[in-house]
Protein chains: 2
Amino acid sequence: MLSEFSLIERFFARRAAGQPSVAADGSLGIGDDCALLAPRAGEMLAISTDMLVEGRHFFADVDPEALGHKALAVNLSDLAAMGAQPQAFTLAFSLPKADEAWLAAFSEGLFALAERHGCALIGGDTTGGPLNLCITVFGSVPPQAALRRDAAQAGDDIWVSGTLGDARAGLGIQRGEWQADAADAASFRRALERPEPRIALGLALRGVARAALDVSDGLAGDLKHILDRSKLRATVDADAVPRSAALRKLPLDTQRRCTLAGGDDYELCFTAPPAARVAVENAGHKAGVPVTRIGTISALQSAADRPAIDWRDAAGAPLTLTLQGFDHFHAD
Amino acid sequence: MLSEFSLIERFFARRAAGQPSVAADGSLGIGDDCALLAPRAGEMLAISTDMLVEGRHFFADVDPEALGHKALAVNLSDLAAMGAQPQAFTLAFSLPKADEAWLAAFSEGLFALAERHGCALIGGDTTGGPLNLCITVFGSVPPQAALRRDAAQAGDDIWVSGTLGDARAGLGIQRGEWQADAADAASFRRALERPEPRIALGLALRGVARAALDVSDGLAGDLKHILDRSKLRATVDADAVPRSAALRKLPLDTQRRCTLAGGDDYELCFTAPPAARVAVENAGHKAGVPVTRIGTISALQSAADRPAIDWRDAAGAPLTLTLQGFDHFHAD
């Protein structure tokens, strides 16, 4: 296994933080039993972990550079949804074999994104086995500014960043569920393979938004998490949910399926009081990401009422969505 | 996948920390995009991650309760080797199917150890796929008291805790490499399946030991990490390395093979100045773990000299160990 060790050293350890000596802030990276890390003064560490498995979260023939990007991006997206500033990550993975070209491309995609966000590799583990990637990511956030799922209030606006549904449209093309022209197909594929974590927006929304999360499993299911946690209802204009020009060329029910239950979008869905509309727009401008108001949070109607989403179409008429029929790449 | 979700909720989320509301110290557990965690005031978080893969780190027919114990134990052992106090962990795993009896036993083994060390589950991820367990563990340690690999000094004594080699002896029995009577075989198997992380000893060695690590890949290879990091040599009495009465019944070369290159011991190997011998013994007493002095650290002999271990037998004669021929369970 010497060749595997030297490949890992070559592609990972040399670009990792704190190696071999301790950094100015006392942090310690790869090479000891543990890494040492502290949040910024007065802040806490926001921590999230995600495991990606071949055949489930990505296909065996995925571009390894894109996989390196996405494996970290989905974790950074959780930091964005908390309003946290990325600091560091650990990477554990099992690989069937040490393929130099694959590792070179994978690490390139990984570190390009990591370095863009100042997020240092501080530890990890590598082993033989079926391809599996487990990243744990660390950010710093003042606890009172953290964008939590249970912080929505009745009367809040509901917002989403960017556009939803392109990743699901790309998956549908790979699966042969629908077609698109080459340019649109490439754009959908890019959305699926190279999501951009909304770190800058999450930071800009500190003190502006109330509840937030990232849309990883589809808007319908994810918004429901905010409602469950906050014990509230929502009314959402299904046709106001922002979508790309490419997605608008597909049939309306496909558009709705992709935008409302598509998954893998990694945009932020958040709530904010109506008085904060200008501040939310400003946060979007500052972060360079469009933000769109899609609905309203309301109180439960009675003691027997349960958190739920009331969908409306563009004309304001109630819309019955059989989410049973919806699916997304993350089946679990 | 509803049944899988409900099983996970039943076996994991209910025993996790901070759910659903924030704890008194501001920490936040399972249920949001991120957990929130801070080290103790003035300390840093010690962080380690390990991935365990079926067929490589454990056999398919392993007792799931023992696997739950071991998956966390090997991570806690890294905290022990840093002198850190356990605080929390995340668990990501992929499972081929949601087997209720298996998950019940696995979680029982996991939480029994976690609760014994006050280590709370604060986040995780679950997916379908070949069995793979990835745990990331968090402890708190004053940075100046952390037991680092690069802190050994010439003249230091070399110590190990407990006994070494029983886990490798147990693996040898499973592999049919050698035999033992039923009681000894059970004792070896217990060492292999249920290692005890030396948390109390790591804490007691703060300010007493200099360098430390946990013996996971075999003493010869692991001690070499301290030498490489500290740029020093070592002389070790191979026959002074502590071993169990059961292991002493096997042939001497098997004893040496198991104690020096066995792996999976999870005892601590550490260095301390000779003036600290009483303090080291006291730390062992306090932690309830025997500690044994096995050798001495020395300076490199010239600019061309490289970190290495000089082995001696019980009579002080040089011993040539062909470590090439040694192996252990962790082939990577």
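The values are calculated or read from the model by the stated rules, or taken from the named source; none is laboratory data. Keep in mind it's a predicted model, so treat the numbers as computed, not measured. Neighbour counts are summed over all protein chains in view; Cβ atoms, including those assigned to glycine, are modelled from backbone coordinates with ideal geometry.
If you check B:Gly176, B:Gly221 for being farther than 23 Å from B:Asn282 by Cβ and in contact with a His (Cβ under 9 Å, 6 or more places away or on another chain), only one passes: B:Gly221.
The condition of being more than 8 Å from chain B (Cβ to nearest Cβ), modelled with pLDDT of 95 or more and more than 26 Å from A:Asp222 (Cα to Cα) holds for only one of A:Ala80, A:Ala104, A:Ala112, that being A:Ala112. Kindly indicate which of B:Ser302, B:Ser298 is polar (S, T, N, Q) and free of Cβ contacts under 8 Å to residues at least 40 places away in the same chain. When all the criteria are applied, what remains is B:Ser302. Between A:Gly288, A:Gly295, the distinction of being of a type outside the set (A, V, I, L, M, F, W, C) and within 20 Å of the chain's Cα centre (by Cα) belongs to A:Gly288 only. Pairs meeting the criteria (first residue in region B:53-73 and farther than 13 Å from B:Tyr266 by Cβ, second residue among the charged types (D, E, K, R), beta carbons under 7 Å, at least 6 apart or on different chains) are B:Ala60/B:Glu54; B:Asp63/B:Glu193; B:Glu65/B:Glu108; B:Ala66/B:Glu193; B:Ala66/B:Arg194; B:Gly68/B:Glu108.
Okay, residues lined up against (1) aliphatic (A, V, I, L, M); (2) within 30 Å of A:Gln144 (Cα to Cα); (3) more than 10 Å from chain B (Cβ to nearest Cβ):
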site: A:Ala66; (1), (2), (3): yes, no, yes
site: A:Leu72; (1), (2), (3): yes, yes, yes
site: A:Ser94; (1), (2), (3): no, no, no
site: A:Ala98; (1), (2), (3): yes, no, no
site: A:Cys119; (1), (2), (3): no, yes, yes
site: A:Asp125; (1), (2), (3): no, no, no
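The lone criterion from (1) modelled with pLDDT of 95 or more; (2) outside the structural domain of B:Asp265 (by TED's automatic domain parsing) left unmet by B:Ala154 is number (2).
Could you tell me whether any residue of region A:227-235 is more than 16 Å from the chain's Cα centre (by Cα), of a type in the set (S, T, N, Q) and at pLDDT 95 or above? Yes.
Per-residue answers, yes or no, for (1) loosely packed, with under 12 Cβ neighbours inside 10 Å; (2) at pLDDT below 95; (3) not hydroxyl-bearing (Ser, Thr, Tyr):
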{"site": "B:Ala275", "(1), (2), (3)": "yes, no, yes"}
{"site": "B:Ala287", "(1), (2), (3)": "no, no, yes"}
{"site": "B:Ala315", "(1), (2), (3)": "yes, yes, yes"}
{"site": "B:Thr322", "(1), (2), (3)": "yes, yes, no"}
{"site": "B:Phe326", "(1), (2), (3)": "no, yes, yes"}
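Within region A:87-110, the set of residues being among the acidic types (Asp, Glu) and either in contact (Cβ under 8 Å) with a residue 60 or more places away in the chain or part of a loop (DSSP other than H, G, I, E, B) (or both) comprises A:Asp99, A:Glu100.
In the set B:Ala180, B:Ala186, only one residue is of a type outside the set (D, E, K, R), surrounded by fewer than 20 Cβ atoms within 10 Å (Cβ to Cβ) and in a helix (DSSP H, G or I); that residue is B:Ala186. Within region B:111-130, is even one residue out of contact with any Ser or Thr (no Cβ under 7 Å at 6 or more places or on another chain), of a type in the set (S, T, N, Q), more than 30 Å from B:Val208 (Cβ to Cβ) and not in a helix (DSSP H, G or I)? Yes.
The listed residues are B:Arg198, B:Arg175, B:Arg194, and the only one of them that is among the charged types (D, E, K, R) and surrounded by 20 or more Cβ atoms within 10 Å (Cβ to Cβ) turns out to be B:Arg198.
In region B:239-262, the qualifying residues are those that are touching a Lys or Arg at 6+ places or on another chain (Cβ under 7 Å) and within 24 Å of B:Leu147 (Cα to Cα), and the one that is modelled with the highest pLDDT is B:Thr259.
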